[in-house]
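*Asks:* Structure below; questions to follow.
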Amino acid sequence: MNSCYKPLGGNAVYAKKPPIEFEPIIESTDIYSCIGDSCNGWMRKEFVSDTLTCPLCGSGMTEEVRDLPQMKKSYNFY
């Protein structure tokens with residue numbers, strides 16, 4: 001038997017490293033929220049249409065500020 005070779009046998013332990021978890025950066029974000037009573041629709045100011053109508057129910061939208069995770073804009077804009 002070669003001296004460089006060591007069989008693992010039954011005592012080998014395999015473990016995965018725990019995944020690295022990044023805590024999101026929370027920032028105050030301008031959003032538009034639907035004014036309809038039965039609708040929970042909202043969207044970030046960067047994505048709202050010129051008509052300011054809710055894409056879910058068609059009602060009007062009002063501007064608000066919410067604490068949301070930061071988005072990398074380079075990934076979301078063409």
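*Asks:* Within segment 13-57, work out how many residues are surrounded by fewer than 12 Cβ atoms within 10 Å (Cβ to Cβ), at pLDDT 90 or above and among the small types (Gly, Ala, Ser).
*Replies:* 2
*Asks:* What pairs can you find where one residue is in segment 65-78 and loosely packed, with under 10 Cβ neighbours inside 10 Å, the other is at pLDDT 75 or above and of a type in the set (D, E, K, R), and their Cβ atoms are less than 9 Å apart, with a gap of 6+ or different chains?
*Replies:* As it stands, the answer is Asp67/Glu27; Lys73/Glu46; Phe77/Glu46, since those pairs meet every condition given.
*Asks:* Find all pairs meeting these conditions: Cβ atoms under 8 angstrom apart; at least six residues apart or on different chains; first residue within segment 27-42 and farther than 14 Å from Gln70 by Cβ and free of Cβ contacts under 8 Å to residues at least 40 places away in the same chain; second residue assigned to a loop (DSSP other than H, G, I, E, B) and β-branched (Val, Ile, Thr).
*Replies:* Note: pairs meeting the criteria are Tyr32/Val48.
The values are calculated or read from the model by the stated rules, or taken from the named source; none is laboratory data. In this text the structure is predicted, and so the values were computed from the model without any measurement. Because the Cβ atoms are built from the backbone with ideal geometry, glycine has one as well, and the counts that use them run over all protein chains shown.
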